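A short reminder: the numbers here are calculations on the coordinates, not readings from a lab. This one's a predicted model, so the numbers in the text were calculated from it and none came from an experiment. All Cβ positions, glycine included, derive from the backbone under ideal geometry; neighbour counts span all protein chains shown.
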Ligand code: FDM
Ligand code: MG
């Protein structure tokens, strides 16, 4: 491998997009190809911070919106050096959700406007939501599993956790789309959210094996070839 490192791949998507199934299928494919890999899941509910997040998501505790946002970010920072180490050792890292979920979900929280109660306004400014993740190792590729919230609902309904509501999911999808534009290679590299990150939209409405094939087609040269440049960092602007 020489001085090459392994790639960091993030899978993002709405609840019910098939993200967990597809992440497992991708990992299975890496195994069959003999590519060393590690699957991470955010939030990582096993750490002390992760347990606080888990309790909040299950509505067993209440936390200020700022606090839970910072805990989600801290839960990534807890694993930042592990991610860098694995990549340097040649282990492909796949993460089921990452900072993009962090921004998309928190920036989608709304309250009714005091001056105009008929309209809603964001509880947390977008830029504030981005700030705590600045400097984290950035993925080489994000696979965004895109599905319309109405179609996601037809897959058997949302679960019981906080945020698993159709209005929330619709707002989250919009923020994800905005993040995709901010990350896309159509922008000058200096203006991108994560300058080295490739953002790929995968149609998650297709059947399971077709989705898996599209995901594999998108990442295979990256995971087979490795990379020479250092791990990218998420940036301020
Ligand atoms: N979520 C996830 C956030 O709100 N912020 C974050 O930083 C992350 C990583 O947590 F509703 C939300 C997204 C989802 C919930 O995620 C739990 P899983 O993938 O359903 O466990
Ligand atoms: Mg969920």
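Between 120, 47, 92, which gets the highest mean-square fluctuation from a Gaussian network model of the chain, Cα cutoff 10 Å?
Ranking 120, 47, 92 by mean-square fluctuation puts 120 first.
Just from its helices, what would the mean residue ellipticity at 222 nm be for the chain, if runs of 4 or more DSSP H residues each count -39500 (n - 2.57) and the sum is divided by every residue, rounded to the nearest 500 deg cm²/dmol?
Helix-only estimate at 222 nm: -14000 deg cm²/dmol.
Considering the chain as a Gaussian network with a 10 Å cut-off on Cα pairs, which listed residue, 122, 139, 195, attains the greatest mean-square fluctuation?
122
Using alpha-carbon pairs under 8 Å, 6+ residues apart, how would you state the relative contact order of the chain in percent?
Relative contact order, the chain: 31 percent.
Once label points are set 7 Å from the Cα along Cα→Cβ at both residue 62 and residue 184, what is their separation, rounded to one decimal in nm?
4.1 nm
Looking only at the range 8-225, where both bridge partners belong to it, what percent of the DSSP beta bridges are antiparallel (to the nearest 5)?
15 percent
Running a GNM on the chain with Cα contacts under 10 Å, which residue among 220, 27, 177 ends up with the highest mean-square fluctuation?
In the Gaussian network model the winner is 220.
Evaluate the relative contact order of the range 65-126 (contact order divided by residue number), counting alpha-carbon pairs under 8 angstrom at least 6 apart; express in whole percent.
In percent, rounded to a whole number, it is 29.
Under the 0.36 nm per residue contour assumption, what length would be gained going from the current alpha-carbon distance of residue 74 and residue 155 to full extension?
Length difference between fully extended and current span is 25.9 nm.
Would you mind computing, in nm to one decimal, how far apart the modelled labels at residue 131 and residue 164 are, each placed 7 Å from Cα along Cα→Cβ?
With each label point 7 Å from Cα toward Cβ, the separation is 3.3 nm.
With label points built 7 Å along Cα→Cβ from the Cα atoms of residue 177 and residue 203, find their separation and express it in nm.
Between residue 177 and residue 203, the label points sit 1.6 nm apart.
Using alpha carbons only, how many angstrom separate the centre of the range 124-150 from the centre of the range 14-68?
14 Å
Can you grab the distance from the C-alpha centre of the range 206-220 to the C-alpha centre of the range 80-97, Å, no decimals?
22 Å
When ranked by the protection proxy of mean other Cβ atoms within 10 Å per residue, highest first, what sequence do the peptides 53-65, 95-107 form?
In decreasing order of mean packing, 53-65, 95-107 become 95-107, 53-65.
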